[in-house]
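Structure first, commentary second.
A short reminder: the numbers here are calculations on the coordinates, not readings from a lab. Nothing here was measured: the structure is a model prediction, and the numbers come from that model. Positions of Cβ are backbone-derived with ideal geometry, glycine not excepted, and every protein chain shown enters the neighbour counts.
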Amino acid sequence: MTGERTHPLLWAATGIVLAYLALPSLVVVIMSLSGGRFLEFPPSTLSMRWYQAYWSSTSWMDATVRSLEVAVMVTALATSLGTLASIALVRLVVPGKSALRALVVSPIMVPTIVLSIGIYSVYARWRLIGTATGLVLAHTVLALPFVVLNVTAVLYKLDRSLERAARSLGAGPLRTFTQVMLPLLWPGIASGAIFAFLTSFDEIVIAMFVSGSNPTLPKLMFDGIRYELNPVVAAVSSQLIIVTALALLGSAWLRRRTERTSG
């Protein structure tokens, strides 16, 4: 049995859509190579001066390090909690499981600005505005659904007979989890961790409400565009595009690996 050939018009339409989506990013990359004092497209001269300005700037480096530190902590916290929550929602008998699952993934559906206002009102009472702890907790709320969705998808495809076999051979719950479930779940966990990292590292709305006088990299980029049209923003954006693309390619590879393993 031979597979059906894809119509050339479908390939053409797909190419047009992909080009349309990629064009803004390509424009930003080209603008980042401009040697002028302002953002311009096409650039009149080519230079790496704005990349050098970014790497030699104390304020940009501080914001980058701050974003990385927060993103790493959010990734660790969201991945741990999300993995345990996924196992509980899939494997255990929990009252109101559907409502709990909807509550966990609700930050994806609720507009971020609405969530930010609520978080700000709570943080103002708890004096968490401008603290790293407050930003980590807020970003964890946003990142948790991505971990839960990725790990849950793998759990539903996992052969439960492997767990029963381990238990029948004398392995306890902890040993079954660490030696049987985790090796099979790691592609989903790793994919969720990638999305958690990107969610925190690229987030700006909550950071504008919570970060205070300690801006994250996206907030500093927003300020650079809003107040002075700083060309350094284009250089930073280009580097973030590369990092995000590599992370998403890694997530896609892990997903394909999961499908092959479960298949």
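Net charge dipole, the chain: roughly 860 debye, given to the nearest 20, about the Cα centre with Cβ charges of +1 for Lys and Arg and -1 for Asp and Glu.
The coefficient of translational diffusion for the range 45-143, derived via Stokes-Einstein from the alpha carbon Kirkwood radius under 25 °C and 0.890 mPa s, stands at 150 µm²/s.
Fewest neighbouring Cβ atoms within 10 Å first, the residues His7, His139 line up as His7, His139. By how many degrees, between 0 and 90 and to the nearest 10, does the Cα long axis of helix 58-91 differ from the longest principal axis of the chain? So the helix axis and the longest Cα principal axis differ by about 20 degrees. The region of the chain that goes longest without hitting one of the GluC sites (Glu not before Pro) in a DSSP loop, each with at most 16 other Cβ atoms within 10 Å, is 41-227. Put the Cα centre of the range 51-71 next to the Cα centre of the range 87-130 and the gap is 30 Å. Using a/c under 1.5 as the rounded threshold, could you call the range 8-50 rounded, prolate or oblate? The axes a ≥ b ≥ c are square roots of the C-alpha gyration tensor eigenvalues, and prolate needs a/b larger than b/c, oblate otherwise. In terms of gyration-tensor shape, prolate.
Peptides 17-26, 72-81 ordered by packing proxy, namely the average of other Cβ atoms within 10 Å per residue, highest first: 72-81, 17-26. Extension gain for Leu81 to Thr112 (0.36 nm times residue separation, less C-alpha to C-alpha distance): 9.1 nm.
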